[in-house]
Amino acid sequence: MTRLSVNVNKFALLRNSRGADYPNLETMAGRAIAAGVHGITVHPRPDQRHIRYDDVPVLSRLVARHDAVEFNIEGNPAPKFLALVSDAAPDQVTLVPDDPGQLTSDHGWDLEKDGTRVAHVIGELRARGVRVSLFMDPVPHQIDRARDIGADRIELYTESYARAFGTGGQDTVWRRFRAAADHARRIGLGVNAGHDLNLRNLPRFLEIGGILEVSIGHAIVVESFDHGFEGTLARYLEIVGQSPAIGNAPSTTASES
């Protein structure tokens, strides 16, 4: 079974757009947990345009009350981010090479260039008992380097798969991701995935097999307009191989949505 982690950044963006506490992040994360998801993800950025630094301890305490749920913090390992991680003690940190002003993450690590710096951060995080995942493109020699510098997992950056889905290039791109995931597992790395995955393209992607976790945020918010929040989560949980919580089962199968 693949674990589903819900990224709540977009709920924070909606909240911030009106300068109030609505929607409340703790409430939305709590609803996701009640629906049966396996994790909550946040990606704080320096400008705090969605998740704010003071959201992180609130969500950390919420997740800590649920033994089967993990807290994943994503971000570029700048000093302020690492201090935030140190205080929050998440289950997993996903290191992402995004610039401060980036709209969204758009590439994986180049560990030929950044490997020494990232290796130092990985060592510090693992010494605190935190699992470390690196945001990576499906490039085998870069994945080798992720293993060499001590990462526990990689998170495959899936935008290119999402863009190719439904086009003539879909199978070629899918096979590239399958080869990268197979390679990562052969050398001892766990494999997560995320970015632009949704109800339509996720089932095919998971045919790769062995994907430990998917992190999804933007699509869940958009698809909730059609299926409601709990209904959308129920569809994702069916895709990843878990029965939805009682009362949240969708009226149609995920493949029909």
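The values are calculated or read from the model by the stated rules, or taken from the named source; none is laboratory data. Given the structure is predicted, the values throughout are model-derived calculations rather than measurements. Here the Cβ is made from the backbone with ideal geometry for all residues, glycine too, and neighbour counts use every protein chain on show.
For a quick check of your reading of the model, give me the residue pairs whose first member lies in segment 64-91 and is closer than 27 Å to ALA34 by Cβ, whose second is charged (D, E, K, R) and surrounded by fewer than 14 Cβ atoms within 10 Å (Cβ to Cβ), with beta-carbon atoms closer than 9 Å and at least 6 apart or on different chains.
Here the result reads VAL85/ARG128; ALA89/ARG128, each pair linking segment 64-91 to a residue that is charged (D, E, K, R) and surrounded by fewer than 14 Cβ atoms within 10 Å (Cβ to Cβ).
I'd like the full set of residues that are aromatic (Phe, Trp, Tyr) and in contact (Cβ under 8 Å) with a residue 60 or more places away in the chain, limited to segment 11-34.
Here is the first cut: in segment 11-34, the residues aromatic (Phe, Trp, Tyr) are 11, 22.
PHE11 - this is the single residue of segment 11-34 that is aromatic (Phe, Trp, Tyr) and in contact (Cβ under 8 Å) with a residue 60 or more places away in the chain.
With the requirement that a residue be under 14 Å from ILE143 (Cα atoms) and loosely packed, with under 15 Cβ neighbours inside 10 Å, what does segment 186-212 give you? Walk me through it before giving the result.
Going through segment 186-212, the residues under 14 Å from ILE143 (Cα atoms) turn out to be 186-193.
Residues satisfying the conditions are ARG186, ILE187, GLY188.
Out of ARG204, ARG185, which single residue is more than 27 Å from LYS113 (Cβ to Cβ), within 19 Å of the chain's Cα centre (by Cα) and in a helix (DSSP H, G or I)?
Values: ARG185 fails: more than 27 Å from LYS113 (Cβ to Cβ).
When all the criteria are applied, what remains is ARG204.
Would you mind listing the helices (runs of 4 or more DSSP H) fully within segment 1-81 where at least 2 residues are more than 22 Å from LEU125 (Cβ to Cβ) and either polar (S, T, N, Q) or in contact with a helix residue (DSSP H, G or I) (Cβ under 8 Å, 6 or more places away or on another chain) (or both)? Break it down stepwise before answering.
On the way: elements: 9-18, 25-35, 55-64.
Helices (runs of 4 or more DSSP H) meeting the threshold: 9-18, 25-35.
Among the residues of segment 77-106, write down those that are within 16 Å of the chain's Cα centre (by Cα), modelled with pLDDT under 80 and not charged (D, E, K, R).
Matches in segment 77-106: THR104, SER105.
Which residues, taken from segment 3-24, are surrounded by fewer than 23 Cβ atoms within 10 Å (Cβ to Cβ) and farther than 22 Å from PRO97 by Cβ?
Hits for segment 3-24 are ARG3, LEU14, ARG15, ASN16, SER17, ARG18, GLY19, ALA20, ASP21, TYR22, PRO23, ASN24.
Does VAL121 satisfy being in contact with a Pro (Cβ under 8 Å, 6 or more places away or on another chain), outside any strand (DSSP E or B) and of a type outside the set (S, T, N, Q)? Give the steps one after another, and end with the answer.
Values: in contact with a Pro (Cβ under 8 Å, 6 or more places away or on another chain): yes; outside any strand (DSSP E or B): yes; of a type outside the set (S, T, N, Q): yes.
Judged against the criteria, VAL121 is a match.
Tell me, please, whether a residue that is free of Cβ contacts under 8 Å to residues at least 24 places away in the same chain and surrounded by 15 or more Cβ atoms within 10 Å (Cβ to Cβ) can be found in segment 133-147. Give the derivation first.
Going residue by residue through segment 133-147, those that are free of Cβ contacts under 8 Å to residues at least 24 places away in the same chain are 141.
Then drop every residue that is not surrounded by 15 or more Cβ atoms within 10 Å (Cβ to Cβ), which leaves none.
Taking every residue of segment 133-147 in turn, none turns out to be free of Cβ contacts under 8 Å to residues at least 24 places away in the same chain and surrounded by 15 or more Cβ atoms within 10 Å (Cβ to Cβ).
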